[in-house]
């Protein structure tokens, strides 16, 4: 079964731009080998990552990512079955220069997920919005490779 997982975490203080690019490069190679697609956003000392692929591959990968000491306060924002990948062929794209739309969406996600009273429907719609803004960011050349 195909699945999409979106998570957020705080980037550890000792992690800088060079290491973030190395993380992305390693993920791109590893994901390409097993058919996992997605995007990694690094913004305001947060990681947001969208991962899409076979559930049997994503589950152990997510455990490995969660244990990584280069980030903390790991929170899964969305874990849902999908019919097809929206990131087909992406392997892992790194976005470090986000558009204003992406910055606004991330701020709304933070507020929605940090507020215990926000409905699951609103949270799901924000996650879907994030996916579409990321896909649009590629066209807007806000992506760093």
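May I ask you to say which residue of 20, 43 is at pLDDT below 90 and surrounded by 13 or more Cβ atoms within 10 Å (Cβ to Cβ)?
Numbers: 20 fails: at pLDDT below 90.
Only one candidate passes the filter, namely 43.
I'd like to know if the range 52-66 contains one or more residues that are out of contact with any helix residue (DSSP H, G or I) (no Cβ under 6 Å at 6 or more places or on another chain), touching a residue at least 12 places away in the same chain (Cβ under 8 Å) and in a loop (DSSP other than H, G, I, E, B). No - not one qualifying residue is present in the range 52-66.
When the range 51-75 is limited to residues that are farther than 19 Å from residue 31 by Cα and touching a strand residue (DSSP E or B) at 6+ places or on another chain (Cβ under 6 Å), the one that is surrounded by the fewest Cβ atoms within 10 Å (Cβ to Cβ) turns out to be 73.
A quick yes/no check of all residues on (1) without any contact (Cβ under 8 Å) to a residue 24 or more places away in the chain; (2) over 14 Å from the mean Cα position of the chain (by Cα):
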residue	(1), (2)
25	yes, yes
43	no, no
70	no, yes
79	no, no
102	no, no
110	no, no
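Kindly indicate whether any position in the range 93-100 is over 20 Å from residue 4 (Cα atoms), modelled with pLDDT under 85 and in a helix (DSSP H, G or I). There is at least one residue in the range 93-100 that is over 20 Å from residue 4 (Cα atoms), modelled with pLDDT under 85 and in a helix (DSSP H, G or I).
The values are calculated or read from the model by the stated rules, or taken from the named source; none is laboratory data. For clarity, every value in this text was computed on a predicted model and none was experimentally measured. Because the Cβ atoms are built from the backbone with ideal geometry, glycine has one as well, and the counts that use them run over all protein chains shown.
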